[in-house]
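Only the coordinates and a few stated rules stand behind these numbers; no lab work does. Please read all numbers here as calculations on a predicted model, not as lab measurements. Note that we place each Cβ from the backbone using ideal geometry, even for glycine, and neighbour counts take in every protein chain shown.
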Amino acid sequence: MKTFKELIDYSCFEQFDIKKLQEYLVLPIKYDGIYFKCFICEKSNLKAFNIKGLVRSEYLNKDEILFFLSDINIRIKLFELAIKAKNSENIKDTSIEDFFSLLIKKAIEMRSSDIHIESLENNMVIRFRVDGNLKLFYIFENEFLFILSSYIKMISKLDITMSRLPMDGRFSLYIKNYKYDFRVSTMPTINGESIVIRVLDNKNIKKTIEELGFSKNIFDEVENITALTQGLVLVSGPTGSGKSTTLYSILKKLNTENKKIITIEDPVEYKLEQTQQVSVDEELGLSFITILKTVLRQDPDILLIGEIRDSDSLNIALQASLTGHLVLASIHANNSLETLSRLIDLKADRYLLSSALKYIISQRLVLNICQSCFQKGCVICNFTGFYNRSSIAEVLKIDESISSFIFRNVELKSIKEYLKTKGFKSMIDDGKQKVEKRITTIEEVYKVVNS
Ligand SMILES: [Zn+2]
């Protein structure tokens, strides 16, 4: 991306009519006294656009130009505040605080999940992750990163003088009367520092099963899971495929006064009312296994295990699910059949596995086509053509036949054959249904399923 290397002088926008810039698709970025440097695209009309002075132009994607110009007033404001903060010697000056709250407000408006603040060789950049993809938002001089970094460390109660070791912290901010929590990770790099701020958005984790955007057949299967009283239910997929959101939504449905629910997470990020949540803390000696063993003496009805990673945790989970508990857990695997082979690789006891395992949900998140512009690019979708994501999934119900296959150590190939005869719908099939309904695109489905 070309803009990455370019420092933009926002003060040069003063002399332009922003509406005209949008109409003629011209993005001026600096003036060196002789030349105006501008980004243009194939559809730009530089002739109609009357710049006083000489123009040096470079090509940039049309949607990038429009995205940049759509919120130029906020960028100009951020630029002014950054300059002020950089030059200020007054302790009472609030420019950096104002810069930061404006930045966070903008990130939230854009529905960002993470804010990346990074030093490059010459400049610092700020990028937002929206619907899984990073979007470049702001570029400034590298020296500003130090000021911004100190401020972030201060509000996260971290050691401001520490820049040689990674640190983790947290802070909260009120935006439009809604309290947002943020998790901060700082890491020294060869160019300076990389700071990532995770937006801990409760709204997402509070979604009900109905709100996850599952197809009807998947939704019905997930509803069946909430009727179980014992057994093991696994949700599989790579990192960022929405596993936790699905697990939490199932848990929410099960969360009633007459059930004791315990969760073991690494770490607990979202609070769930009425449940007992425990964070893994290896340093304190609170290992996953230690907690798991203790938890079983706490008389739970339902257990949520953040992630099954090794044979020990798997075998305890299996035993728990055979002794009157419903165990929900996530596991890293690409699809439902690969989940079975992963369980076998983890040396699951075949007898326990065949009797305990009830369901495997395997899922991904696909980008939804923007319903305001249908992929033509608009302000609502930040000129990407996509807005929000929904789940595509496959649900493998462990019926008597599959249970017997597992017990008898039958090859996965045979299970696959059996599923074919049963009309099993794969994740790709589910994705195709969503393509037909114009919810997403076929390219997106293949991209996420093969990721
Ligand atoms: Zn749109």
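Overview of values
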| item | result |
| --- | --- |
| Relative contact order of the range 14-108, pairs being alpha-carbon contacts under 8 Å that are 6 or more residues apart, as % | 20 |
| Euclidean distance between Cα centres, the range 349-378 to the range 119-138, Å | 28 |
| Ordering of 247-258, 280-291 by packing [mean C-beta count within 10 Å, highest first] | 247-258, 280-291 |
| Candidate aspartates and glutamates - alpha carbon under 13 Å from Lys62, same-chain residues fewer than 8 apart omitted | Glu23, Glu42 |
| Distance histogram in 10 Å bins (all Cα pairs of the chain, percent per bin) | 4, 18, 24, 22, 17, 10, 4, 1, 0 |
| DSSP beta bridge pairing in the range 204-449, given as percent antiparallel to the nearest 5 | 30 |
| Protection-proxy order for peptides 184-194, 303-313, each taking the mean of Cβ atoms within 10 Å per residue, highest first | 303-313, 184-194 |
| Over 31 Å between alpha carbons, listed pairs Lys260/Lys397; Lys293/Lys413; Lys176/Lys271; Lys37/Lys135 | Lys293/Lys413 |
| 10 Å binning of all Cα-Cα separations within the range 299-441, expressed as whole percents from 0 upward | 11, 33, 27, 17, 10, 2 |
| Computed over the range 78-200: relative contact order in percent, which uses C-alpha pairs under 8 Å that are six or more apart | 21 |
| Any cysteine of the chain lacking a neighbouring Cys Cβ under 4.7 Å - listed by number | Cys12, Cys38, Cys41 |
| The range 43-69-the range 409-435 distance, computed between alpha-carbon centres (Å) | 51 |
| Fraction of antiparallel bridges per DSSP, the chain only, in percent to nearest 5 | 65 |
| Euclidean distance of C-alpha centroids, the range 166-184 and the range 270-288, integer Å | 20 |
| By average C-beta atoms within 10 angstrom, highest first, the peptides 115-126, 154-165, 355-366 | 355-366, 115-126, 154-165 |
| Equivalent ellipsoid, the range 204-449 (semi-axes from 5 times Cα gyration tensor eigenvalues, Å) | 31, 23, 15 |
| Alpha-carbon spread of the range 1-70, three principal axes, descending order, Å | 28, 28, 19 |
